[in-house]
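The values are calculated or read from the model by the stated rules, or taken from the named source; none is laboratory data. Predicted model only: the values in this text are computed from it and were never measured. Cβ sites come from the backbone with ideal geometry, for glycine too, and all protein chains shown count toward neighbours.
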Amino acid sequence: MPDFPYRNALIVGAGPGISASLARRLSGLGVKIALAARNVQKLGPLLQDTGAQAFAADASDPESVAGLFERVTDGIGEPEIVVYNAATRARGPLAELDPDAVQKALTTTAFGGFLVTQQAARHMLPRGRGAILFTGATASIKGFAQSAAFAMGKFALRGLAQSAARELGPKGIHVAHFIIDGAVRSAQRPEPVDKPDGMLDPDAIAQAYIDVLRQPRSAWSQEVELRPWLEHF
């Protein structure tokens with residue numbers, strides 16, 4: 001992989017969709033992959049496709065995240081790319097939302113992002129290089145009705161990304177936030193036949209991540225917005 005600057009990657013919140021497509025693209029570039037999720041049993045086919053190693057972890061727990069980085073370092077080496085994809089939703093009218101469910105959503109989507117970023121920075125700063133990528137959503141910039149918890153978490157994650165980029169960028173660590181502004185196509189969520197090109201392709205999203213990872217530091221992107229070709233709203 002002479003034109004690709006990184007040798008290994010950790011994807012937190014791995015599963016089907018964007019993280020699976022990204023793992024396959026990175027594996028094709030010769031990158032060693034670590035996939036972290038609460039339930040690693042669901043990752044079997046992806047592990048076979050990519051040769052990745054799976055690590056069970058709770059992104060919202062400080063000890064679990066610290067232990068994850070130690071185990072990943074032992075398994076594939078110091079993570080040079082860290083991708084945060086984990087999120088939890090709590091949908092419903094504001095007056096009826098369960099506070100515990102909202103707290104759990106914020107803890108995973110926002111606080112978990114902080115914990116993973118903190119560990120990534122601790123591992124990358126001594127080397128003076130690395131990349132931290134965050135997967136955002138339309139909710140990163142616009143809160144929808146009955147989706148307050150998700151918007152709160154994604155707004156916070158975007159703020160974390162901006163702060164981390166300004167602090168860590170000058171120290172050689174590329175931080176970028178991706179706003180996935182639309183629905184992502186999947187086997188469980190196929191594109192409607194009567195509305196073609198209205199959903200995002202996870203493979204195309206993954207390619208955008210790869211393109212950002214290849215950027216020279218004289219022209220780093222801090223935020224990239226990805227939208228479907230045709231929007232129906």
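For this structure, a couple of remarks:
- Residues of the stretch 1-28 that are of a type in the set (Ser, Thr, Tyr), outside any helix (DSSP H, G or I) and either under 15 Å from the mean Cα position of the chain (by Cα) or modelled with pLDDT under 95 (or both): none at all.
- Every pair of residues 6+ apart whose Cβ atoms lie under 6 Å, when the first sits in the stretch 58-85 and is free of Cβ contacts under 8 Å to residues at least 24 places away in the same chain and of a type in the set (Ser, Thr, Tyr) while the second is buried (at least 17 other Cβ atoms within 10 Å of the Cβ) and assigned to a loop (DSSP other than H, G, I, E, B): Ser64/Ala57; Ser64/Asp58
- The sole residue among Leu200, Leu168 that is at pLDDT 85 or above and within 17 Å of the chain's Cα centre (by Cα) is Leu200.
- Inside the stretch 51-68, residues that are crowded, with 21+ Cβ neighbours inside 10 Å and part of a helix (DSSP H, G or I) make up a count of 2.
- When Ile210 is tested against (1) assigned to a loop (DSSP other than H, G, I, E, B); (2) closer than 19 Å to Ala9 by Cα, exactly one condition is not met: (1).
- Some residue of the stretch 19-33 being among the hydrophobic types (A, V, I, L, M, F, W, C) and more than 18 Å from Asp203 (Cβ to Cβ): no
- Arg227 charged (D, E, K, R), at pLDDT below 95 and closer than 30 Å to His174 by Cα: yes
- Selected residue (only one of Ala105, Ala156, Ala95 is over 16 Å from the mean Cα position of the chain (by Cα) and among the hydrophobic types (A, V, I, L, M, F, W, C)): Ala95
- The stretch 131-162 - residue that is touching a residue at least 60 places away in the same chain (Cβ under 8 Å) and outside any helix (DSSP H, G or I) and, of those, nearest to Pro202 (Cα to Cα): Thr135
- Complete set of residues in the stretch 57-76 that are within 13 Å of Val12 (Cβ to Cβ) and touching a strand residue (DSSP E or B) at 6+ places or on another chain (Cβ under 7 Å): Ala57, Ala59, Leu68, Arg71, Val72
- Among residues of the stretch 29-40 being surrounded by fewer than 22 Cβ atoms within 10 Å (Cβ to Cβ) and either among the small types (Gly, Ala, Ser) or under 21 Å from Glu70 (Cα atoms) (or both), the one that is farthest from the chain's Cα centre (by Cα) is Gly30.
- The number of residues in the stretch 86-111 being without any contact (Cβ under 8 Å) to a residue 60 or more places away in the chain and either within 25 Å of His174 (Cα to Cα) or in a helix (DSSP H, G or I) (or both) comes to 16.
- Per the listing Val116, Val82, the residue uniquely β-branched (Val, Ile, Thr), closer than 21 Å to Asp61 by Cα and in a helix (DSSP H, G or I) is Val116.
- Of all residues in the stretch 184-230, those that are over 21 Å from Arg7 (Cα atoms), in contact (Cβ under 8 Å) with a residue 40 or more places away in the chain and either in contact with a strand residue (DSSP E or B) (Cβ under 7 Å, 6 or more places away or on another chain) or surrounded by fewer than 14 Cβ atoms within 10 Å (Cβ to Cβ) (or both) total 11.
- The residues of the stretch 50-65 that are touching a helix residue (DSSP H, G or I) at 6+ places or on another chain (Cβ under 6 Å) and under 27 Å from Ala156 (Cβ atoms), listed by number, are Phe55, Ala56, Ala57, Asp58, Ala59, Ser60, Pro62, Val65.
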